[in-house]
Every structure is written in C-alpha cells, then in structure tokens.
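Asks: Sharing a structure here in structure tokens format.
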Amino acid sequence: MSQPPMMIGNALPNIPWQDRPAGCSDVVWRYHANPVIPRDLFPAANSIFNSAIVPFKGEFAGVFRVDSTCRHMRIHSGRSKDGFTFQIDPEPIRWICPDPQIAEFVEAYDPRVTCLDGRYYINWCNNYHGYTIGMGYTDDFKTFYQMENAFLPYNRNGVLFPRKVNGKYHMLSRPSDTGHTPFGDIFVSQSPDLVHWGCHRHVMSPKRDKANWQCTKVGAGPVPIETTEGWLLFYHGVLTSCNGFVYSMGAALLDLDDPSKVRYRSRPYLLNPRMLYECVGDVPNVVFPCAALTDAPSGRIAIYYGSADTVTSLAFCRVDELLGFIRNNSEL
Ligand code: BMA
C-alpha cells in the first residue's frame, strides 16, 4: 500500500493552529480572528504585511514588512510567543555590512526567512539602483549581517531553499521591471556559496488564458516545504481585472532533485481575496503569502499572508489534503 504524502522536517507542537471550521470544505481555511497583525501595531506604522515568521527557541521570530506613516518601505525584526500575537521593533533592521556600496539601499520589502544549517537567512526586495534580491543573515534576530545582493536589478520574490539540492544552494526569483511589472515567471538559480548565483532555470509561467487567476504573473511565496513527494511551493498568481491586479494564492509541487521541474500545479486558486481585510486596504484585493510554519509529524501547515497590503493574516491546511488536492486538480 502506498504511504500518504509526508512532510520532511521538524516537529512544531506549538504551531499556531485552528481546526477547519464545521461546514467548511476548503482545502485552505482562514484563522477566525484575522488579521493577526494590525496595521497600527505601533504609532509610526502605516501598514504591516507580507512578513516572514519562523520557529525560534521554542517561540517565534520574524522579519516584518512595515510601511511607515512617511510611506517608507522597511523591514523590522519581531518576536511572538505563540505565533498569533507579535511584538515588532519600531526601528527598522540596521544591517552590519562590510561593503558601504551595497549598504546604501533605499527601500526594503517583502522579506522571506529561511532556516538553513542553523542560521536564519533573509531575502528581501531591495532597492539598490532598482529592485533586486537583498540577502543577509542573523543568528539571534538581534544582530543582522548584510550579504551581497543575489542578482542584478530587476528582480523580486527571492526565496532560498532550506537545504542544498545536489550539493548547491537554490533560490527562486522573478525577474521584473521598474514598476508594477505586468509579467513575471518564476526561475530557480544555483550557488556554491550563497554569493555567486548562476545556472538559472525556468520553473513556471503565468497562464495564457486572460481570465485566469494566474494570467499576469506568478511569484514564489513561503520557503518551499520538503515532502516525500517533492517541494511544496505556495505562490502568488495575479489576474489583471478591469479594476487592476488581483493577487491569489496557489501551490505547486516541484521535483525534489530538480526544483525547475513542476510535477503538479493547482488549477484553481487555494485562497483569494474575499474577506473585507483582503479586499479593502492600501492595495485592494491582495493575498500575498510570505511564510509557512510546519509541524511534520501531524502534517499541519500555518501560512502567513499579507492582506490588501495593509495587515498580516493566517490560514491553515494539512499537507496530505493539500497534496491530494493539487494532484487531483493539476494543470501544468
Ligand atoms: C507586488 C509587491 C507586493 C505587493 C503586491 C500588491 O508587486 O509590491 O509587495 O503586496 O505588489 O500590491
């Protein structure tokens, strides 16, 4: 008898969690008290969204996108005891950077955090003469070290894999342009040392059909989750409606040994903007996942997603149900 799909990874018995509500048949369901991070957690915050949370020393830590009341886009560190309630440093992260040339970036947003070999690596969208993928690390969420930018401008949604694949570090990204980018494919790149990136391979394109939820662009979301069947990748897909972009969330399963190969990809979206806090805000109609917590033994997954570019929300799913769904509803 074949085994059900399993996550490969650590136990997280204190994962923030809420069971699927009675009467709900959705494969991904929302936390009933969303949003978990309000826009005004501290006075100088205009909005707190598209943020990355990881397990840290029995609790949780993270890097948070905060747009200030001056409308500066910055990333801040923060902590949480339970994954539902957060304390965020009102001051942006100050990076220790050996090279003054790259230390001079002017904007930082949409962080991802990858725990790799016991260190927490941070990728973010970094305005260094145009948007590209910034990179740094921390061991304690107090002192942060900036590394080389991974790519040349223009690029966004850089997401580092949590382990080497075939002896090389791997990162997903989406080459883009100077503006709101009406196109975008996901690529995967390799590195021997987390500094030099090459061997760029195509992973997936938007769908051609004009009315599709993922017809305009796609971009990697949380750090890929290792399962017995492949890398589970949550991603955002964008539709151009007559009223502008609509950001939804889908999932794909990438080959374990060659993440440029897509094994399955969900035809329907898994989460789309429909609650008030997803439809109304600084940018309406956006769900934008940036982090997922996993409890491997139970198969539980908690997804943090930015809502309407204003607040941060939580949604939940179970790995076996999710993989079953994308396998049965797949369109490559
Ligand atoms: C993208 C990024 C995200 C944002 C989304 C919707 O291009 O800027 O930070 O959530 O647009 O506005």
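Asks: Yes or no: segment 173-190 includes at least one residue that is farther than 27 Å from F64 by Cα and part of a loop (DSSP other than H, G, I, E, B).
Replies: no
Asks: Further question on the same structure: Being open to solvent by 50 Å² or more (accessible area, probe 1.4 Å) and either within 16 Å of the ligand (Cβ to nearest atom) or not polar (S, T, N, Q) (or both) narrows it down to one residue among H170, H180; which is it?
Replies: Result: H180 is the single residue among H170, H180 that is open to solvent by 50 Å² or more (accessible area, probe 1.4 Å) and either within 16 Å of the ligand (Cβ to nearest atom) or not polar (S, T, N, Q) (or both).
Asks: Out of (1) over 17 Å from M7 (Cβ atoms); (2) away from the ligand (no atom under 16 Å from the Cβ); (3) open to solvent by 30 Å² or more (accessible area, probe 1.4 Å); (4) not polar (S, T, N, Q), the odd one out for E226 is which?
Replies: Result: E226 fails condition (1) only.
Asks: Return the residue satisfying two criteria in turn: it lies in segment 155-167 and is part of a loop (DSSP other than H, G, I, E, B) and without any contact (Cβ under 8 Å) to a residue 40 or more places away in the chain, and of such residues it is nearest to the ligand (Cβ to nearest atom).
Replies: That would be K164.
Asks: Of all residues in segment 97-116, which are of a type in the set (D, E) and at pLDDT below 95? Even if it seems obvious, please write down each step before you answer.
Replies: Of the residues in segment 97-116, the ones of a type in the set (D, E) are 99, 104, 107, 110.
Those that are of a type in the set (D, E) and at pLDDT below 95: D99, E104, E107.
Asks: Of the conditions (1) open to solvent by less than 10 Å² (accessible area, probe 1.4 Å); (2) within 15 Å of the ligand (Cβ to nearest atom); (3) in contact (Cβ under 8 Å) with a residue 60 or more places away in the chain, Y235 fails just one. Which one is it?
Replies: The failed condition is (3).
Asks: Would you please name the residue that is nearest to the ligand (Cβ to nearest atom), looking only at residues in segment 99-116 that are touching a residue at least 12 places away in the same chain (Cβ under 8 Å) and open to solvent by 70 Å² or more (accessible area, probe 1.4 Å)?
Replies: The qualifying residue nearest to the ligand (Cβ to nearest atom) is V106.
Asks: Follow-up question, since we're still on this one. Suppose the filter is basic (K, R), over 17 Å from the mean Cα position of the chain (by Cα) and open to solvent by 10 Å² or more (accessible area, probe 1.4 Å); does R79 pass it?
Replies: Judged against the criteria, R79 is a match.
Asks: Looking only at segment 62-84, count every residue that is of a type in the set (D, E, K, R) and touching a His at 6+ places or on another chain (Cβ under 9 Å) and tell me the total.
Replies: 1
Asks: Ok, one more. For T294, state whether it is at pLDDT 95 or above and open to solvent by 30 Å² or more (accessible area, probe 1.4 Å).
Replies: Yes.
Asks: Here's a follow-up. Have a look at P16, P35 and point out the one that is touching a residue at least 24 places away in the same chain (Cβ under 8 Å), within 16 Å of the ligand (Cβ to nearest atom) and in a loop (DSSP other than H, G, I, E, B).
Replies: Details: P16 fails: within 16 Å of the ligand (Cβ to nearest atom).
Checking each option against the conditions leaves just P35.
Asks: Please find, within segment 242-279, the residue that is least open to solvent (accessible area, probe 1.4 Å) out of those that are within 13 Å of the ligand (Cβ to nearest atom) and among the hydroxyl-bearing types (S, T, Y).
Replies: My answer is S248.
Asks: Follow-up question, since we're still on this one. Working only within segment 184-217, note down all residues that are of a type in the set (A, V, I, L, M, F, W, C) and closer than 24 Å to M7 by Cα. Give the steps one after another, and end with the answer.
Replies: Taking segment 184-217 and keeping what is of a type in the set (A, V, I, L, M, F, W, C), we get 186-188, 194-195, 197, 199, 203-204, 211, 213, 215.
Those that are of a type in the set (A, V, I, L, M, F, W, C) and closer than 24 Å to M7 by Cα: I186, F187, V188, V203, M204.
Asks: Take segment 185-214 and flag every residue that is within 16 Å of the ligand (Cβ to nearest atom), more than 24 Å from E226 (Cβ to Cβ) and either surrounded by fewer than 19 Cβ atoms within 10 Å (Cβ to Cβ) or in contact (Cβ under 8 Å) with a residue 40 or more places away in the chain (or both).
Replies: Residue satisfying the conditions is W213 alone.
Asks: Same structure, new question: Working only within segment 90-143, note down all residues that are within 18 Å of F56 (Cβ to Cβ), assigned to a loop (DSSP other than H, G, I, E, B) and not hydrophobic (A, V, I, L, M, F, W, C).
Replies: D117, G118, D139, D140, K142, T143
Asks: Still on this structure: Condition test on S68, is it within 16 Å of the ligand (Cβ to nearest atom) and either of a type in the set (G, A, S) or open to solvent by 20 Å² or more (accessible area, probe 1.4 Å) (or both)?
Replies: yes
Asks: Right, something else. Since R74 meets every condition but one in (1) more than 16 Å from the ligand (Cβ to nearest atom); (2) outside any loop (DSSP other than H, G, I, E, B); (3) in contact with a strand residue (DSSP E or B) (Cβ under 9 Å, 6 or more places away or on another chain); (4) open to solvent by 30 Å² or more (accessible area, probe 1.4 Å), which condition does it not meet?
Replies: (1)
The values are calculated or read from the model by the stated rules, or taken from the named source; none is laboratory data. Everything numeric here is computed off the predicted structure, so don't read it as measured data. Please note: Cβ atoms are built from the backbone with ideal geometry, for glycine as well, and neighbour counts cover all protein chains shown. Only protein heavy atoms, including side chains, enter the accessible area calculation; ligands, DNA and RNA are left aside. Shrake-Rupley method; radii C 1.70, N 1.55, O 1.52, S 1.80 Å.
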